[in-house]
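Inspection log for the structure reproduced underneath, given as structure tokens.
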Amino acid sequence: MGTVLITGGSRGIGRATALLAAQRGWPAAINYRHDALAAADTAAEVKRRGARATTIQGDVSVEADVVAMFAKAQADLGRLGGVVINAGIVAPAMRLADMSAERIGKVFQVNVLGAYLCAREAARALARSRGGNGGSVVLVSSVAARLGAPGEYVDYAGSKAALDTLAIGLAKELGADGVRVNAVRPGLIDTQIHADSGDPDRARKLASATPLGRAGKAEETAEAIVWLLSDAASYVTGSVLDVTGGR
Ligand code: NAP
């Protein structure tokens, strides 16, 4: 077990993943974009759970930031064993016909380019043929990749579908290098991301339509992510795991 680097680790699903991973013994490098206070608070909670932690500012859609993020994570906490590619954005809900090119571009820059850059750096850091120790990469996709998110954000849905495909392809590239690659598709999880789509209560409002009748918690998503990081999932690679309450 090495260090785990979590993009967008300061709040929501990323924060819950950092805290649970810390409980299981992983030192955690917590990336964030704007909110240094939230990242520092997550790092303090990780330390309270007995694991080492560092925070790293950086925009995943900027190549130089991503390269620097991987270097700092390893300089501060030692060799990487896991990478959780979690940072992602949505934009206000609307139909495709009303979306600007700028908005669509931004969603794809962060969710697709950002994830691919982080996955590339993870491959470089973890692959045994490049001097790494092997490890596990978890991509945080979305059930939107399967549902399409009509009338809300088909741009976001498509960006997440790219991550499902990346998990399948990269798992095949890196299997012989001792690196497992999987994706988790959360459903309606109660975090701050819904405020960015224009409806902070979205998860709770739509929750009754899910088979389990409620929104999920960030901690419940973290359980799946940390399982995929761990040796308990040693024969799981190229998989896409729904954490959706049946949605
Ligand atoms: P969240 O509460 O909005 O947190 C997003 C995190 O990502 C924050 O730490 C944020 O940092 C960071 N971030 C955003 N843009 C970034 C960038 N360009 N570079 C680096 N960090 C960036 O979101 P969440 O609900 O936990 O979602 C986490 C992931 O799960 C996302 O990929 C999301 O698409 C996916 N997901 C969420 C749900 C859900 O219902 N919540 C469902 C399906 C999938 P700052 O605060 O510093 O900007």
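Values quoted throughout were computed directly from the atomic coordinates according to the rules given, and no laboratory measurement underlies them. The structure displayed is predicted, hence computed values, not measured ones. Cβ: placed from backbone, ideal geometry, glycine included. Neighbour counts: every protein chain shown.
Go over the candidates 144, 125 one by one and state the one that is in contact with a Phe, Trp or Tyr (Cβ under 7 Å, 6 or more places away or on another chain) and more than 11 Å from the ligand (Cβ to nearest atom).
None of the others qualify; the one that does is 125.
Filter the range 78-107 down to residues that are part of a strand (DSSP E or B) and among the small types (Gly, Ala, Ser) and give me whichever is nearest to residue 154 (Cα to Cα).
82
One line per residue, one yes/no per condition, for (1) under 18 Å from the mean Cα position of the chain (by Cα); (2) within 11 Å of the ligand (Cβ to nearest atom); (3) not in a helix (DSSP H, G or I):
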residue: 180; (1), (2), (3): yes, no, yes
residue: 195; (1), (2), (3): no, yes, no
residue: 206; (1), (2), (3): no, yes, no
residue: 212; (1), (2), (3): no, no, yes
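What is the number of the single condition among (1) within 12 Å of the ligand (Cβ to nearest atom); (2) closer than 26 Å to residue 2 by Cα that residue 90 does not meet?
It fails just one condition, (2).
Just checking, how many residues over the range 66-116 are closer than 22 Å to residue 39 by Cα, touching an Asp or Glu at 6+ places or on another chain (Cβ under 6 Å) and free of Cβ contacts under 8 Å to residues at least 60 places away in the same chain?
The total comes to 1.
Would you be able to tell me the number of residues in the range 114-155 that are of a type outside the set (Gly, Ala, Ser), surrounded by fewer than 24 Cβ atoms within 10 Å (Cβ to Cβ) and closer than 23 Å to residue 195 by Cα?
7
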